[in-house]
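The values are calculated or read from the model by the stated rules, or taken from the named source; none is laboratory data. This one's a predicted model, so the numbers in the text were calculated from it and none came from an experiment. Using ideal geometry, Cβ is built from the backbone for each residue, glycine included, and neighbour counts are taken over all protein chains shown. What goes into the accessible areas is simple: the full protein's heavy atoms, side chains included, and nothing from ligands, DNA or RNA. Shrake-Rupley method; radii C 1.70, N 1.55, O 1.52, S 1.80 Å.
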Amino acid sequence: MTQTFKILGWVAVVWGIDTCSRVLLQKLGIDVEPIISRDLAAYRDFYQTYRAKHEAEEKAEKEEIAKAQNGQAGPVSYFDGTGAGLFGTYLLYAFLTIITCGFAAPWLNCAIQRWRTKHMVVDGKRVTFNGTGASLLGHWILWEFLTVITCGLFAFFIPVGLQKWNMNHTYYEGEKGAEDSRFDGNTFQYIGYNIMQFLLLVVAFGLAYPWTHKMILRWQTKHQLINSLTMTSSLTMTA
């Protein structure tokens with residue numbers, strides 16, 4: 001019986017992928033006869049178009065950064081980290097988190113935040129992070145305790161609590177302590193956006209992820225303040 005359900009599950013996945021190609025990418029309608037080669041080609045064309053657009057945007061961004069560095073333009077915002085660098089950081093600390101039964105999770109969070117901020121420039125200012133796993137550990141233990149005694153309900157508050165803690169330790173290089181940094185979003189907004197993301201992903205068979213991810217990032221950035229300046233989704237600071 002279990003094997004039958006697995007087979008039916010894979011059939012449903014394949015059917016869903018093929019249907020998305022016909023309905024969303026080719027706009028042919030669900031009643032059109034499926035042709036596997038044509039439907040897969042639609043995904044390939046979509047990917048190639050997306051990749052070409054992404055590479056063009058990347059090239060334009062690099063040119064803008066180069067102009068700014070040569071004094072030909074005003075301050076710009078950019079991120080100069082690489083996927084390989086992030087993967088290595090994740091791999092190392094994820095391994096440590098596993099072998100320590102989750103005890104190293106605060107250090108994993110701080111390592112990721114430190115990597116992100118050191119590669120982030122906002123309006124020509126380099127961002128930095130000074131949080132440590134040791135200073136987060138006390139909060140982490142308290143959150144875990146509250147999650148246990150509330151039968152898991154407090155877990156919904158942890159992501160926003162962690163975001164607040166991270167932002168309290170984020171500032172511009174050379175401006176530490178000059179102004180305050182914080183996150184002023186709340187848990188109920190966070191839950192609402194995640195429910196919306198889940199529903200959109202179900203309806204669109206997961207293809208809406210780039211848009212839902214951007215939606216949540218917009219919400220996060222508009223509630224982030226670095227040295228009392230609020231970031232917009234384009235990483236431009238506003239007073």
Given the structure, is residue 121 open to solvent by less than 30 Å² (accessible area, probe 1.4 Å), in contact with a helix residue (DSSP H, G or I) (Cβ under 8 Å, 6 or more places away or on another chain) and closer than 27 Å to residue 60 by Cβ? no
Within the stretch 198-211, which residues are at positive phi and either open to solvent by 70 Å² or more (accessible area, probe 1.4 Å) or basic (Lys, Arg) (or both)? 205
Top-ranked residue in the stretch 101-115 [being assigned to a helix (DSSP H, G or I) and open to solvent by 50 Å² or more (accessible area, probe 1.4 Å); ranked as farthest from residue 221 (Cα to Cα)]: 107
Would you confirm whether or not the stretch 225-234 contains a residue that is touching a helix residue (DSSP H, G or I) at 6+ places or on another chain (Cβ under 6 Å), open to solvent by less than 30 Å² (accessible area, probe 1.4 Å) and at pLDDT 90 or above? no
With respect to residue 62, is the statement that it is modelled with pLDDT of 65 or more, in contact with a strand residue (DSSP E or B) (Cβ under 9 Å, 6 or more places away or on another chain), assigned to a helix (DSSP H, G or I) and farther than 15 Å from residue 207 by Cβ true? yes
Is at least one residue of the stretch 187-197 open to solvent by 70 Å² or more (accessible area, probe 1.4 Å) and either in contact with a Cys (Cβ under 7 Å, 6 or more places away or on another chain) or closer than 28 Å to residue 24 by Cα (or both)? yes
Residue check for residue 108: out of contact with any Gly (no Cβ under 9 Å at 6 or more places or on another chain) and closer than 22 Å to residue 168 by Cα: no
